Amino acid sequence: MSNPLVTFAVQESSVPDRWSRLRPGPVLGLESSCDETAAAVLAPDGQILAEAVLSQADHATYGGVVPEIAARAHLAHLPGLVGQVMRQAGLGFDGLAGIAASSGPGLIGGLIVGSGVGKGIALARGLPFVAVNHLEAHALTARLPGLVLGGAPFPYLLLLLSGGHCQCIAVEGVGRHVRLGSTIDDAVGEAFDKVAKMIGLGWPGGPAVERLAAQGDPTRFAFPRPLRGRPGCDFSFSGLKTAVAQVVAAYPPGPLPAQDAADIAAGFQAAVVDVMADRAARAIELFRARQPEGRLMVVGGGVAANTALRTALERVAAARGFGFAAPPLRLCGGNAVMVAWVGIERLRLGLTDALDHAPRPRWPLDAADMSPTGAGPADMPR
Ligand code: KG4
């Protein structure tokens with residue numbers, strides 16, 4: 001296996017500049033780790049030449065993502081999307097400098113499809129392949145040109161808030177990420193989705209809860225604020241979820257009265273926002289202690305689309321002299337622009353992956369637990 005995981009601990013300055021041996025040029029990115037099938041082509045400077053996302057609606061019937069259906073849908077749609085973005089970008093495969101595909105963490109069926117398509121093109125055209133950690137894609141999105149005034153130089157603080165993850169991360173370089181805190185039970189997006197289900201909303205729950213919360217009274221139900229005020233920047237959402245379940249259980253079976261549902265949604269969202277604001281403030285303290293020169297907080301992941309949350313986090317950052325960056329909504333959830341961007345960042349550093357790279361359903365971002373043996377990154381093949 002080439003390219004051992006030492007890339008996750010590598011100092012940028014110590015990486016031999018192999019970019020000159022890799023042809024600079026546009027990169028094709030592929031995303032298929034959950035329920036979005038996406039492809040994008042980015043120019044070497046990060047300009048988006050083409051992008052397309054298909055959100056799989058089929059899962060709504062089941063109230064959540066069904067892995068087998070997702071994998072089959074990726075297989076049905078990804079090749080067509082690739083053709084679409086390549087035409088849109090006005091390129092043939094030989095005009096690419098490399099292929100980047102989400103290769104974990106995520107649903108293994110979808111990862112196999114996306115990385116398989118990417119490797120197939122790479123093999124057929126002799127192009128470099130980059131196996132992208134989907135979490136690193138969220139982490140580096142802020143560095144896309146035009147998102148943050150003056151770019152987003154390392155280091156910065158990332159709050160990664162999605163359906164499967166809830167973490168505070170010090171982003172210190174490409175492949176250099178340190179987890180400062182994370183959820184000790186549910187991810188925040190999962191809590192939104194579960195609460196949505198409890199109060200009779202469709203899937204995905206986050207946007208539906210946010211819409212309903214806008215019509216509710218956030219003070220009517222006094223939901224708990226788990227871990228608020230505690231040291232560190234871990235999160236917990238299971239107690240909050242249970243508190244909502246207990247309120248809902250007090251109603252007779254059947255749909256909740258509309259205003260009550262809105263008040264529950266508003267109360268739940270207010271609790272999440274309060275907890276997040278507190279945890280973000282602690283994360284900034286921890287980040288500062290580690291990286292005194294860092295001055296930027298970035299949010300990523302699907303839940304970062306929540307306006308109330310963005311507003312609160314921006315306030316927390318500003319009060320501590322930090323800048324705040326949130327990607328545009330379409331770049332918060334699953335998308336291939338961020339995947340192609342990681343491809344560009346890694347290719348610039350000469351970091352490529354072998355075509356026998358195995359997709360990984362679990363693939364923690366921080367070096368500390370990159371290896372299941374706990375032995376650290378250096379002994380792990382990517
Ligand atoms: O990052 P993402 O698209 O997918 C993964 O988890 O991989 O995040 C999806 C999550 C879902 O739980 C969804 O309910 C949540 O993001 N979400 C939101 C909002 N939009 C999406 N949660 C709260 N408010 C939103 N506006």
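Percent of accessible area on the chain owned by carbon and sulfur, 1.4 Å probe?
Its accessible area is 57 percent carbon and sulfur atoms.
Order K194, K119, most accessible first, counting only protein heavy atoms with a 1.4 angstrom probe.
K194, K119
Nearest 0.05, what FRET efficiency do R23 and L329 give at R0 = 41 Å with Cβ-Cβ as r?
Using R0 = 41 Å, I get an efficiency of 0.75.
Provide the gained length on full extension for the span R230 to D217, in nm with one decimal, where the gain is 0.36 nm per separating residue minus the Cα-Cα distance.
2.0 nm
Taking R0 as 51 Å, what's the FRET efficiency between Y62 and E293 from their Cβ-Cβ distance, rounded to 0.05?
Details: r = 47 Å, r/R0 = 0.93.
Here the calculated transfer efficiency is 0.60.
Starting at 0 and stepping by 10 Å, how many percent of the alpha carbon pairs of the range 64-120 end up in each bin?
22, 49, 25, 4
Among DSSP bridges having both ends in the range 154-326, what percentage is antiparallel? Round to the nearest 5.
60
Check cross-link reach from K241 to the lysines: straight Cα distance under 20 Å, and skip same-chain residues fewer than eight apart.
Filter leaves K194, K197.
So how tilted is helix 258-290 from the main axis of the chain? Cα-based, degrees 0 to 90, rounded to 10.
The two axes meet at around 50 degrees.
Just to confirm my numbers, what's the Cα centroid distance between the range 200-234 and the range 79-121 in Å?
So the separation of the two Cα centres works out to 36 Å.
Reported to two decimal places, what Rg/Rh ratio describes the chain when computed on Cα atoms with Rh from the Kirkwood expression?
Radius of gyration relative to Kirkwood radius: 0.98.
State to the nearest 20 debye the size of the charge dipole of the chain about its Cα centre, where the only charges are +1 on K and R beta carbons and -1 on D and E beta carbons.
Rounded to the nearest 20 debye, it is 460 debye.
Counting only other residues whose beta carbon sits under 9 Å from that of G334, what net charge do I get with K and R as +1, D and E as -1?
That works out to -3.
For I69 and L149, compute 0.36 nm times the residue count separating them, minus their Cα-Cα distance, and round to one decimal in nm.
On the way: separation 80, 0.36 × 80 = 28.80 nm, distance 4.06 nm.
Answer, rounded to one decimal: 24.7 nm.
Taking the solvent-accessible surface of protein heavy atoms with a 1.4 Å probe, what is the per residue accessible area of the range 230-373 in Å²?
In whole numbers, the range 230-373 has 38 Å² accessible per residue.
What list of ³J(HN,Hα) couplings, whole Hz, do you get for the range 114-124 from phi and the Karplus terms 6.51, -1.76, 1.60, once you set θ to phi - 60° and write x for glycine and proline?
Once rounded to whole Hz, the list reads x, 6, x, 4, x, 5, x, 5, 4, 5, 5.
Would you mind getting me the FRET efficiency between S238 and R125? Use the beta-carbon distance for r and R0 = 56 Å, nearest 0.05. Could you put the intermediate results ahead of the total?
Values: r = 48 Å, r/R0 = 0.85.
Computed FRET efficiency for S238 and R125 comes out at 0.75.
The values are calculated or read from the model by the stated rules, or taken from the named source; none is laboratory data. Keep in mind the model is a prediction, meaning the values are calculated, not measured. No Cβ is skipped: glycine too gets one built from the backbone with ideal geometry, and neighbour counts run over all protein chains shown. Please note that ligands, DNA and RNA were not included when accessible areas were found on the heavy atoms of the full protein model with its side chains. Shrake-Rupley method; radii C 1.70, N 1.55, O 1.52, S 1.80 Å.
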